[in-house]
Amino acid sequence: AIKFATAYGGLPDQLARQAITVPEEDAEFFRLRYMEAYHAAVQKTLSAVDPDHLSFGFGPLIGTATKPEDWAIAARYCDVVGYELAGEYQAPPLGDSEKPYLCLGFAFPPSYEGARGFSIVPNAPLDDTQAGQRYADFAAAAARDPRCLGAIWHRYRDEPLLNADGQIDPGGRYAFGLVDGTDRLKMPLALAMRAANLSIAEARNRVPRGVR
């Protein structure tokens, strides 16, 4: 950059002050190239350290502005595709890939009808009892999916209402947890989750053996 500036005077400064418009198809081409190179590098590194290492990949949050190519790349460089959900259970859109997948994060933070000051997600359950029912429905649907290896609850403690500076966080604070900010276990949610988890093995056994 220094040699360029010396040879061409103030040209870099002039370019920096100009708005540069990149054609959308060019930006998309390089985005996918970068994404593929990144996933490939991670897989290559893991394989070099341990050739028999089971690779759990990482994918985007379903519902964000993703494209089929994103999921194809994510599936290409791992053994198990990871993804996140904000809502009811659904499988990731992997297209022709037949790889299994693991939900790396899901939750149903209650709104408490705004009484506790938490941020509210769309279609939020009103209380811990409703959140427990949503969890049970999610777990049952995941158990019926032969390619789903499991699902991980997003967070086991409610987010604090204030940040480290004692201010309201503009990014939002949610009641994700099984435990609230006073270390109280949310019994309706916890008991519903326990019952659902105990029933998963039975539901899984009903999946036809030919597709497991």
Antiparallel bridges, percent of DSSP beta bridges restricted to region 78-204 (to nearest 5): 20 percent
FRET efficiency, 1/(1 + (r/R0)^6) with R0 45 Å, evaluated for Gln167 and Lys99 via beta carbons: 0.55
Integer Hz, Karplus 6.51/-1.76/1.60 couplings in order for region 140-146, x for Gly and Pro: 5, 5, 5, 5, 7, 8, x
Heavy-atom accessible area order for Glu202, Glu69, largest first, 1.4 Å probe: Glu202, Glu69
Residues listed by number, region 37-61, amide nitrogen under 19 Å from Val80 label point at 7 Å toward C-beta: 42-44, 46-47, 50-61
Surrounding net charge for Ala203, when Lys and Arg each add one and Asp and Glu each subtract one, Cβ distance under 11 Å: +1
Whole-number Å³ per residue for the convex hull built on Cα positions in the chain: 220 Å³
Pairwise FRET efficiency - Ala201 versus Lys67, Cβ, R0 = 41 Å, nearest 0.05: 0.65
Most to least accessible of Arg157, Arg206 (protein chains only, probe 1.4 Å): Arg206, Arg157
Within the chain, percent of DSSP bridges classed antiparallel, to nearest 5: 15 percent
Eligible aspartates and glutamates near Lys44 by straight Cα distance, threshold 17 Å, same-chain separation 8 or greater: Glu36, Asp52, Asp79
Mean separation of Cα contacts under 8 Å (6+ apart) over length of region 14-172, as relative contact order %: 16 percent
Probe 1.4 Å, protein heavy atoms only - accessible area per residue of the chain in square angstrom: 64 Å²
Per-residue HN-Hα couplings for region 186-199 [Karplus 6.51, -1.76, 1.60; θ = phi - 60°; Hz; x = Gly/Pro]: 7, 4, x, 6, 4, 5, 5, 5, 4, 4, 5, 5, 5, 8
At R0 = 35 Å, FRET efficiency that the Cβ-Cβ distance of Tyr156 and Glu28 yields, to 0.05: 0.35
Sequence-separation-based contact order of region 23-104, relative, with Cα cut under 8 Å and 6+ spacing, percent: 27 percent
Residue-averaged [θ]222 nm for the chain, counting only DSSP H segments that reach four residues, each worth -39500 (n - 2.57): -13000 deg cm²/dmol
Mean Cα-pair separation over length for region 96-141, i.e. relative contact order, pairs under 8 Å, 6 or more apart, %: 33 percent
Extension reserve of the Ala190-Arg144 stretch, reckoned as 0.36 nm per residue once the Cα distance is removed: 14.4 nm
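The values are calculated or read from the model by the stated rules, or taken from the named source; none is laboratory data. On a predicted model such as this, the values are computed, not experimentally measured, just so you know. Ideal geometry is used to build each Cβ from the backbone, glycine not excepted, and the neighbour counts take in all protein chains shown. These accessible areas exclude ligands, DNA and RNA; they are computed on the full protein's heavy atoms, side chains included. Shrake-Rupley method; radii C 1.70, N 1.55, O 1.52, S 1.80 Å.
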